[in-house]
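**Student:** Encoded as structure tokens, here's the structure I'll be asking about.
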Amino acid sequence: MNLFQYVRPAEQKTAIAAVAAEPTARFLGGGTNLLDLMKRHIMQPEKLVDVTRLPLKGITQQGNIIRIGALTRNTEIAEDKTILQNLPLLAMAINAGASAQIRNMATTGGNLLQRTRCPYFYDTAMPCNKREPGTGCGALEGFNRMHAIFGFSDKCIAVNPSDMNVALRALDATVVVNGPKGERKIPIADFHRLPGDTPEKDTNLDKNELITAVTIPISPFSKNAYYLKVRDRNSYAFALVSVAAALNMDGNTIKEARLAMGGVAHKPWRLTDAETFLKSKTATEENFQQAAQIAFQGAKAFKHNQYKLKLGPNTIVQALSVASGLKSV
Amino acid sequence: MNEQEPFCPNESRRSFLKKSTVITAVALTPAAAINAANNHWDEHIAAAIENVSLSVEINGTRHTMDIDPRTSLLDLLRENLHLTGTKKGCDYGQCGACTVHVNGERVLSCLTLAATTDGSKVTTIEGLANGDELHPMQAAFIKHDGFQCGYCTPGQIMSAVACIREGHASSRDQIREYMSGNICRCGAYPNIVDAIEEVQKGGQKV
Ligand SMILES: Cc1cc2nc3c(=O)[nH]c(=O)nc-3n(C[C@H](O)[C@H](O)[C@H](O)COP(=O)(O)OP(=O)(O)OC[C@H]3O[C@@H](n4cnc5c(N)ncnc54)[C@H](O)[C@@H]3O)c2cc1C
Ligand code: FES
Ligand code: FES
């Protein structure tokens, strides 16, 4: 690890000023992603600003909005009564990620900002435009089994590995941030980026901006929600693909559907065309099959991730079947 | 320190220390460190002064010391305090061998900066037994052969105790899911689940 200075300001303002004062400075949340990357010399901040003791913790409900403080740990969200009652999809997605120990450490802000990454990003002996812009993408012609099938560019085909982010995308969350220029709110759809020509940028957050909270509207999707994650082993592995499905049902009829996928793109991927198709449809396997086909129009695979073109639609159908009550888990 | 990564060169180090005067109000870096840099004192003195002060209770004993900010909690335990019960498997958060409790919650000590535990209570495998009397989970691991080489065991036991305390040991499936962050290369998994299940069913205080 490179040498760095460690500071732990007591106030938001001083924390933001501390990061703004140093070009390479970073906020430190649970450290589960940042320290990993620092140990591998992939990130080398000269200053870490520990924000974990700032009063940005806890989950509150204000009218129809649930607000989660950015320093709330993943475990706390997954076990919170308000969340379990109103946003079970979020709890399911969080519990599908990492391990109990890591969820005890991971913060909401840190999880949102965990790097979109792939094995070539980690392997400093290989080219990677995300790690070192301009060096090329090792995965394009390499071992690309885990990689994207939507929204990639010839500069980068990595996927965003977060489970939480997929649920936040389906639930239309908003990321609240504070920075030297003041506070702003970023809809989750605009928070993460597609790689384009600048894969080194995962999100539209400014370096000096601190995530302070995530807000999520309470919607009539809580009863019929399911997060399905498919991985190489049953637990403690990143998604090959995952699907967050939430339905607003009237009897057997779908009034409205929300669908998002993980493991398929550089950002959590919303399936809006499939959602439109499902509107006012009956919950049947045929309709779910059709929705999955629509969702996968435009999907393109590489040499080693062809399987995702089949696994993806199947996972959509399965997630919708469970969410709608057509099938049990 | 490996060869690819030279010790922070003098010039950038000084400029970094100087720049930090801007925020001395919030930095833990004492003004003395900036003086040292401004006066071109030996780098090592500056680095030493820049250490972070830490006061942490480990297994009931308070330790107060100055540490290099890079020190992980795992290295603090093993290298600085010679509490070698906590194991280093991967050092990258992938295996769970380094699991300890911080303020009662299981965490990975390899991805925890020691500095962040200032003011906290840490419990390691050495702090689990009551004198010569083994903790029920330790006894159950022995009874059920919950290990072969034993390398993952301290992490498994710390995780298992937390798993029961959290209320995540109500079935074998739930135990497996909530213990998935602890890898055992010897494959003692069925016996580990047996041990946890027995302690859970026995209703002893863990
Ligand atoms: C072995 C392993 C397995 C994993 N498996 C999964 C998995 O299956 N699914 C999954 O979703 N995730 C998984 N993860 C990733 C894990 O969820 C993330 O590492 C974690 O959520 C990051 O949160 P953190 O608080 O530790 O972030 P940190 O490491 O502290 O920070 C990450 C980044 O966010 C920045 N940051 C942190 N907080 C803020 C803030 N409030 N404002 C602005 N910037 C901030 C930091 O500067 C840093 O750049 C795994 C991780 C490991 C090590
Ligand atoms: S040593 Fe910490 S998880 Fe492997
Ligand atoms: S007993 Fe050998 S690794 Fe678990």
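**Student:** Tell me, B:Y189, A:Y236, A:Y227 in order of fewest to most beta-carbon neighbours within 10 Å?
**Tutor:** Going from sparsest to densest Cβ surroundings: B:Y189, A:Y236, A:Y227.
**Student:** Give the residue from B:G202, A:N224, A:G134 lying farthest towards the positive end of the charge dipole for the protein assembly as shown; charges sit on Cβ (+1 for Lys and Arg, -1 for Asp and Glu) and the dipole is referred to the Cα centre.
**Tutor:** Value: A:N224.
**Student:** With labels modelled as points extended 7 Å from the Cα through the Cβ direction, what inter-label distance (nm, one decimal) is found for A:K81 paired with B:E105?
**Tutor:** With each label point 7 Å from Cα toward Cβ, the separation is 2.0 nm.
**Student:** Would you list, by chain and number, the aspartates and glutamates whose Cα falls below 18 Å from the Cα of A:K57, excluding same-chain residues fewer than 8 positions away?
**Tutor:** A:E11, A:E76, A:E79, A:D80, A:E183, A:E209, B:E105
**Student:** What lysines sit close enough to B:K201 to cross-link, taking a C-alpha to C-alpha distance under 19 Å and skipping anything fewer than 8 places away on the same chain?
**Tutor:** Qualifying lysines at Cα under 19 Å: B:K143.
**Student:** Identify which of A:T174, A:T72, A:T253 has the largest mean-square fluctuation in a Gaussian network model of chain A, with springs joining Cα atoms closer than 10 Å.
**Tutor:** A:T253
**Student:** Would you please give the FRET efficiency between A:K255 and A:T24, computed as 1/(1 + (r/R0)^6) with r the Cβ-Cβ distance and R0 = 41 Å, to the nearest 0.05?
**Tutor:** Efficiency for this residue pair is about 0.25.
**Student:** Relative contact order for chain A: what is it in percent, counting Cα pairs under 8 Å that are at least 6 residues apart?
**Tutor:** Worked out over chain A, it gives 16 percent.
**Student:** Let me ask something else about it. Let me know the charge dipole size of the protein assembly as shown about its Cα centre in debye, to the nearest 20, where only the beta-carbon of Lys, Arg (+1) and Asp, Glu (-1) is charged.
**Tutor:** That gives the protein assembly as shown a dipole magnitude of about 1140 debye.
**Student:** Based on Cβ point charges of +1 for Lys and Arg and -1 for Asp and Glu, what charge dipole magnitude is obtained for the stretch B:52-202 about its Cα centre, in debye rounded to the nearest 20?
**Tutor:** Here the size comes out at about 200 debye.
**Student:** How big is the protein assembly as shown by Rg and Dmax over its Cα atoms, in Å?
**Tutor:** 23.9, 77
**Student:** Putting +1 on Lys and Arg Cβ atoms and -1 on Asp and Glu Cβ atoms, find which of B:L83, B:G155, B:T71 reaches farthest to the positive end of the dipole of the stretch B:52-202.
**Tutor:** Positive-most Cα among the choices belongs to B:G155.
**Student:** Distance cut-off 31 Å, Cα to Cα: go down the list A:K267/A:K310; A:K81/A:K185; A:K308/B:K87; A:K310/B:K88 and report the pairs above it.
**Tutor:** As for pairs spanning more than 31 Å Cα to Cα, those are A:K308/B:K87; A:K310/B:K88.
**Student:** Ok, one more. What lysines could a cross-link reach from A:K327, if we take a straight Cα to Cα line under 18 Å and drop same-chain neighbours fewer than 8 places away?
**Tutor:** Leaving aside lysines fewer than 8 places away in the same chain, those within reach of A:K327 are A:K223, A:K229, A:K281.
**Student:** Sticking with this one: Cα-based Rg of the stretch B:52-202 per 2.2 N^0.38 Å, rounded to two decimals?
**Tutor:** So the Cα radius of gyration is 1.02 times the expected 2.2 N^0.38 Å.
**Student:** Calculate for the protein assembly as shown the 222 nm mean residue ellipticity that helices alone would give, adding -39,500 (n - 2.57) per DSSP H run of length 4 or more and normalising by residue count, nearest 500 deg cm²/dmol.
**Tutor:** -8500 deg cm²/dmol
**Student:** Tell me the label-point distance for the pair A:E286, B:E133, using the 7 Å Cα-to-Cβ offset, in nm and rounded to one decimal.
**Tutor:** The modelled label-to-label distance comes out at 6.9 nm.
**Student:** Measuring from label point to label point, each 7 Å out along Cα→Cβ, what is the B:C149 to A:A301 span in nm?
**Tutor:** According to this spin-label approximation, the distance is 3.6 nm.
**Student:** If you build a Gaussian network model of chain A, linking Cα atoms that sit under 10 Å apart, which residue out of A:P55, A:P23, A:P161 swings the most?
**Tutor:** A:P23
**Student:** Pop the C-beta distance of B:Q204 and B:E126 into the FRET formula with R0 = 25 Å and round what comes out to the nearest 0.05.
**Tutor:** 0.80
**Student:** Can you give the charge dipole size of the stretch A:229-324 about its Cα centre, rounded to the nearest 20 debye, using +1 on the beta carbon of Lys and Arg and -1 on the beta carbon of Asp and Glu?
**Tutor:** 440 debye
Here, each number is a calculation from the coordinates, and none is a lab measurement. All figures in this text were calculated on a predicted structure; none of them were measured in a lab. We place every Cβ from the backbone using ideal geometry, glycine too, and count neighbours over all the protein chains shown.
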